[in-house]
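Report on the structure given below.
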Amino acid sequence: MKDLPKAYSPKDYEAQLYAAWEKSGAFAPDPDPKKEPYSIMLPPPNATGTLHLGHATMLALQDILIRFKRMQGFSTLWLPGTDHAGIATQSVVEKKLQTGGMKHPRQELGREGLLAEIRSFVEQSKDTIRNQMRKMGASVDWSRERYTNSEDMNHAVNTLFKMMYEDGLIYRGDRIVNWDPKMQTTVADDELEYEEEKSPFYTFQYGPFQIGTSRPETKFGDKVVVMHPDDPRYKKFKHGEKIGPFEWINGPTTATVIKDEAIDMEFGTGVMTITPWHDATDFGIAERHKLEKVQVIDAQGRLLPIAGEFAGEKIHDARPKIVEKLKEKGLLVSTDENYMHNVAVSYRGKGKVEPQIMKQWFVDVNKPVVDWKGKKLSIKEVMQDVVNSKMIRIVPDRFEKTYFHWIDNLRDWCISRQIWWGHRIPVWYKGEEIAAGETSPGEGWVQDEDTLDTWFSSGLWTFSTLGWPEKTPDLMKFAPSSVLETGYDILFFWVARMILMSTYALRKTGFDEAHSIPFKDVYLHGLIRDIRGKKMSKSHPETCIDPLDMIEKYGTDAIRLSLIIGGTPGNDMRLYEEKIAGYRNFVNKIWNGARFVLLNLDETDAPIDSAALSRADKWILTRLNEITVQVTTLIETYQFSEAGLKVYDFFWGEYCDWYVEMSKVAKNPAVLKHVLETSLALLHPFMPFVTEALWSELRPGSQLMTHTWPTTSPAWNFPDEADEMSRIMSLVTAIRSLRSEGNVDATKKIHVIVYAHEDLQIVEDKAEVIKRLANLGQLDLSETGPKVDKALTTFVGDLEIYLPLADLLDLGAEKLRLEKEINNLEGYLKSLSTKLSNEGFTKNAPKAVLDQEQAKLADATQKLEKMKGQLGELGV
RNA sequence: GGGCGGUUAGCUCAGUUGGUUAGAGCGCCACAUUGACAUUGUGGAGGUCGGUGGUUCGAAUCCACUAUCGCCCACCA
């Protein structure tokens, strides 16, 4: 007799259990060389703050996989870590310093001073994150924790940079970049967000043309007017023709006509002037036609001397004045005040982006430098090949399409950032000379001031964390990792970049193609949304859920389940408190189910006696086998929600509601205990804490986390008895339903089909049925109340009747149903035999499939015969 | 403009190669309650699976068209 409290209190167990797991050393991979490796690299959260529900989901999913594989006997590595998140972190810290009263942190603190501030902030964040991961129950190997901006990571980054530089993959060039004047840095194309903005759209007279623009402040240097070559309105203008002089903002100007297909004839007047320095499309046109590029706005967002009287003004202030001047000159044709357009904003720093031409470092994605399957491929082609050839599988597979589309449009990647926080570019300058390397080539060399894009270093995550460029035992054993589990929102940012970096770097350092990929599977989870389906944000505190609050309130197991169940790969999921409370109830149900077992255990603790199994025992053991197979397969195919639901339903709906109830009349402690323990094992990956807590009550001194994953027991498989049992259960349900309607004594005619041992009897009078049932089980069913209710449930274990159709049925309806079913089956049989007589199918299909089809055929034939028999017996 | 996803009970969602009477949780209604559990049990009400057409013996599931909501990419002079 154990004395456990009536309700499970997570707080009393969780921290203590986690500490015990950690102490047991089982978080680290088992060194046994016979065990197959299984590894997951945790997508490193940004070391900028706290974990949100997205992180919690990711931790839960990965922990399920790791715990599952660990129990299955793999040598599992789950490597944790954090990301330094360049722009995001520097921006957060600068903002903090500014709210603290410092006006210009960069100028006031200098490079080293600001970096010191950021470092201490990051250390704090890391601690918070570690603590939260522990609370989530994440069974990560803390001894291998990594950080993207540590010294060894820096070494890996520098080594790779140098390799790429020497291969000509990294080059420096003048390119149009997305300049964030607020953070004073460039931003990558895919780090842009677009915000809708209403701003006036002006049409100006430009020589003989009318041109539209929402940005008149860029128009000072425009000397090129572009139109579509097929536009009939401008047929008389020739490509290359000079126009003017005519009056423009600051006096007369001339222009050149250029015809280019990039122009949309439908938009505005179909003519525009271009500003190559400050617009990506214009830059493209200028490159194609080898046009001059003039800078109009500086890096701080101020107009340059070319703007004449407006020089030095902020664009925002200058814009209305410029329009006013053009209006006075009679050059303003019209103004559309309601023009809606998108403005590019930095995803990280939230600053409005101004395109600029600048000297930046780029990665060439089209240069064929990778030895890949006997050819020289560009990194872009390798990225396509690994997914095309299924070396890497993306789940759900629809994201493969998205991935390919992104790669098809991939341009050279700008990797330099004008911020201080991050990996400083390992390039050194001395006059005109340039050298790449980790350390200064010597006297008088100056290192590049800029840092690398954060994704450059996180792209190395899967292998740099294992010790690359050294060929460490970990790297040899655990790369490539088994699965990358992350949100679909960073498929491009990160997943693609890891594929790029890993294939290049590992191939370059002697790994074959199969060992150069970063991971074998990619599992993408959806985003967690609030009850309204909106992204959770701090601006809506009423629907924004903090995982820590929920853990405090409902326990970790409950929140883990509520994040897993009901979610499907790649689809967003809504979360709300009631759902978490629901799973808290399940946690408590498990607790109490186990309490019952503990109270009813046999002192002898004898093993299951196969010769002394009741029908109920046989049924629950058979069901347990089925569930074990299903759950295993479902987890292996990343169907976590279904897997969790399966055990949930089994444990609550079958084990507790039926088997435990029956045990109150006639119990088999060995079976009770076995099914409970196996269920706990099956549930452990989903809800590690409560299962481990109960396990230690059932088997003191033993650890569930490292216990063997359940397998089926062929000796305890009784499909026929299980089948009978479920029919009996249906009958009981039907009788309960009658009783609950107050119909126990009713004389209403209902036909019940009861197959007794041998002879078929059709009993038309319900009262008669009740009487017979009562005789069989010595029950007085005329009584109502919980006693009868309970008795009905419990006595089915001994009920010696067989019910193929556990229902109360109208005979006419039953006949119709059977006829319909027979008709369907005949059609089914026809299609099966057609399939099996088709040579194309029989020749090409694998044997297993053929056998399966044959079995289906036999099965259906038998079923058909049975139904025909039943129809005959009905005799209606 | 290109692509992807959703639309199933009052609400939130499952339903993976088409197959008995479409499921769960929450909510709702009725009943029950001293022994595993009120964080409970039992029963019930509630759905023409967005629409139309097609394929099939059989469609929530496959195909075509369509409506609507959402997301991603590109473009926006």
Count of residues meeting criterion [open to solvent by less than 70 Å² (accessible area, probe 1.4 Å) and among the basic types (Lys, Arg)] in region A:335-383
2
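Among the residues of region A:245-264 satisfying the criterion of being polar (S, T, N, Q) and open to solvent by 60 Å² or more (accessible area, probe 1.4 Å), which is nearest to residue A:325 (Cα to Cα)? Talk me through it step by step, then tell me what you get.
We begin by selecting, within region A:245-264, every residue polar (S, T, N, Q); these are A:250, A:253-254, A:256.
Still in the list and also open to solvent by 60 Å² or more (accessible area, probe 1.4 Å): A:250, A:254.
Numbers: A:250: 9, A:254: 19 Å.
If we take residues in region A:245-264 being polar (S, T, N, Q) and open to solvent by 60 Å² or more (accessible area, probe 1.4 Å), then A:250 is nearest to residue A:325 (Cα to Cα).
What number of residues within region A:640-667 satisfy the criterion of being part of a loop (DSSP other than H, G, I, E, B) and at pLDDT 90 or above?
Let us first name the residues in region A:640-667 that are part of a loop (DSSP other than H, G, I, E, B), namely A:664-667.
Checking which are at pLDDT 90 or above leaves us with none.
The number of residues fulfilling the criteria is 0.
Working carefully through the options A:401, A:321, A:329, A:367, find the one that is more than 24 Å from residue A:512 (Cα to Cα) and in contact (Cβ under 8 Å) with a residue 40 or more places away in the chain.
Working: A:401 fails: in contact (Cβ under 8 Å) with a residue 40 or more places away in the chain; A:321 fails: in contact (Cβ under 8 Å) with a residue 40 or more places away in the chain; A:367 fails: more than 24 Å from residue A:512 (Cα to Cα).
Selected residue: A:329, the only one of A:401, A:321, A:329, A:367 that is more than 24 Å from residue A:512 (Cα to Cα) and in contact (Cβ under 8 Å) with a residue 40 or more places away in the chain.
Determine whether residue A:40 is in a strand (DSSP E or B), buried (at least 17 other Cβ atoms within 10 Å of the Cβ) and touching a residue at least 60 places away in the same chain (Cβ under 8 Å). Steps first, answer last, please.
Numbers: in a strand (DSSP E or B): yes; buried (at least 17 other Cβ atoms within 10 Å of the Cβ): yes; touching a residue at least 60 places away in the same chain (Cβ under 8 Å): yes.
So residue A:40 fits the description; yes.
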So, first residue in contact (Cβ under 8 Å) with a residue 12 or more places away in the chain in region A:577-588, second residue near RNA strand B (Cβ under 6 Å from one of its atoms) and of a type outside the set (A, V, I, L, M, F, W, C), Cβ within less than 7 Å, six or more apart or across chains; the pairs are none
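Residue A:63 - would you say it is within 26 Å of residue A:693 (Cα to Cα), within 18 Å of the chain's Cα centre (by Cα) and not in a strand (DSSP E or B)? Outline the logic, then answer.
Values: within 26 Å of residue A:693 (Cα to Cα): yes; within 18 Å of the chain's Cα centre (by Cα): yes; not in a strand (DSSP E or B): yes.
Against the criterion (within 26 Å of residue A:693 (Cα to Cα), within 18 Å of the chain's Cα centre (by Cα) and not in a strand (DSSP E or B)), residue A:63 qualifies.
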Residue pairs qualifying under the 6 Å Cβ cut-off, at least six apart or on distinct chains, with the first in region A:349-360 being at pLDDT 85 or above and the second being in a loop (DSSP other than H, G, I, E, B), are A:355/A:279
Residues located in region A:160-169, provided they are over 16 Å from residue A:503 (Cβ atoms) and either assigned to a helix (DSSP H, G or I) or open to solvent by less than 10 Å² (accessible area, probe 1.4 Å) (or both):
A:161, A:162, A:165, A:166
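Can you go through A:290, A:242, A:238, A:321 and tell me which one is open to solvent by 70 Å² or more (accessible area, probe 1.4 Å), closer than 25 Å to residue A:353 by Cα and at pLDDT 80 or above?
Values: A:290 fails: closer than 25 Å to residue A:353 by Cα; A:242 fails: closer than 25 Å to residue A:353 by Cα; A:238 fails: closer than 25 Å to residue A:353 by Cα.
None of the others qualify; the one that does is A:321.
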Taking the condition at pLDDT 85 or above, farther than 15 Å from residue A:628 by Cα and among the hydroxyl-bearing types (Ser, Thr, Tyr), does residue A:702 pass?
yes
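When the residues of region A:43-71 are narrowed to those that are of a type in the set (Val, Ile, Thr) and at pLDDT 90 or above, which ends up surrounded by the fewest Cβ atoms within 10 Å (Cβ to Cβ)? Outline the logic, then answer.
Initially, region A:43-71 is screened for residues of a type in the set (Val, Ile, Thr), giving A:48, A:50, A:57, A:64, A:66.
When the remaining residues are screened for being at pLDDT 90 or above, the result is A:57, A:64, A:66.
Working: A:57: 25, A:64: 23, A:66: 26.
Checked region A:43-71; the qualifying residue surrounded by the fewest Cβ atoms within 10 Å (Cβ to Cβ) is A:64.
How many of the residues in region A:90-126 are polar (S, T, N, Q), surrounded by fewer than 19 Cβ atoms within 10 Å (Cβ to Cβ) and under 22 Å from residue A:424 (Cα atoms)? Write out each step before concluding.
Going through region A:90-126, the residues polar (S, T, N, Q) turn out to be A:90-91, A:98-99, A:107, A:120, A:124-125.
Then drop every residue that is not surrounded by fewer than 19 Cβ atoms within 10 Å (Cβ to Cβ), which leaves A:98-99, A:107, A:120, A:124.
Narrowing the set further to residues that are under 22 Å from residue A:424 (Cα atoms) leaves A:107, A:120.
Total meeting the criteria: 2.
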Evaluate region A:298-306: report whether one residue or more is under 45 Å from the mean Cα position of the chain (by Cα), at positive phi and open to solvent by less than 40 Å² (accessible area, probe 1.4 Å).
yes
Among (1) more than 30 Å from residue A:482 (Cα to Cα); (2) open to solvent by 70 Å² or more (accessible area, probe 1.4 Å); (3) hydroxyl-bearing (Ser, Thr, Tyr), which single condition is residue A:568 missing?
(1)
Residue A:516 fails exactly one of (1) open to solvent by 10 Å² or more (accessible area, probe 1.4 Å); (2) free of Cβ contacts under 8 Å to residues at least 60 places away in the same chain; (3) among the polar types (S, T, N, Q), namely (1)
How do the helices (runs of 4 or more DSSP H) wholly within region A:493-600 filter down when requiring 3 or more residues that are more than 11 Å from RNA strand B (Cβ to nearest atom): which remain?
A:497-508, A:547-554, A:556-564
Considering each of A:428, A:406, A:420 in turn, give the residue that is within 16 Å of RNA strand B (Cβ to nearest atom) and of a type in the set (A, V, I, L, M, F, W, C).
A:406
Quick check on region A:618-666: of everything there that is of a type in the set (Val, Ile, Thr) and free of Cβ contacts under 8 Å to residues at least 40 places away in the same chain, which residue is nearest to RNA strand B (Cβ to nearest atom)?
A:637
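Filtering region A:307-318 down to residues that are over 44 Å from the mean Cα position of the chain (by Cα) and without any contact (Cβ under 8 Å) to a residue 40 or more places away in the chain, which residue is farthest from RNA strand B (Cβ to nearest atom)?
Among them, the one singled out is A:312.
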Which numbered condition residue A:267 misses (of (1) over 44 Å from the mean Cα position of the chain (by Cα); (2) open to solvent by 20 Å² or more (accessible area, probe 1.4 Å); (3) among the aromatic types (Phe, Trp, Tyr)):
(1)
Out of curiosity, is residue A:603 in a helix (DSSP H, G or I) and either near RNA strand B (Cβ under 7 Å from one of its atoms) or open to solvent by 30 Å² or more (accessible area, probe 1.4 Å) (or both)?
no
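The values are calculated or read from the model by the stated rules, or taken from the named source; none is laboratory data. Note that this is a predicted model, so its numbers are computed, not measured. Because the Cβ atoms are built from the backbone with ideal geometry, glycine has one as well, and the counts that use them run over all protein chains shown. To get the accessible areas, we keep the full protein, side chains included, count just its heavy atoms, and leave off ligands, DNA and RNA. Shrake-Rupley method; radii C 1.70, N 1.55, O 1.52, S 1.80 Å.
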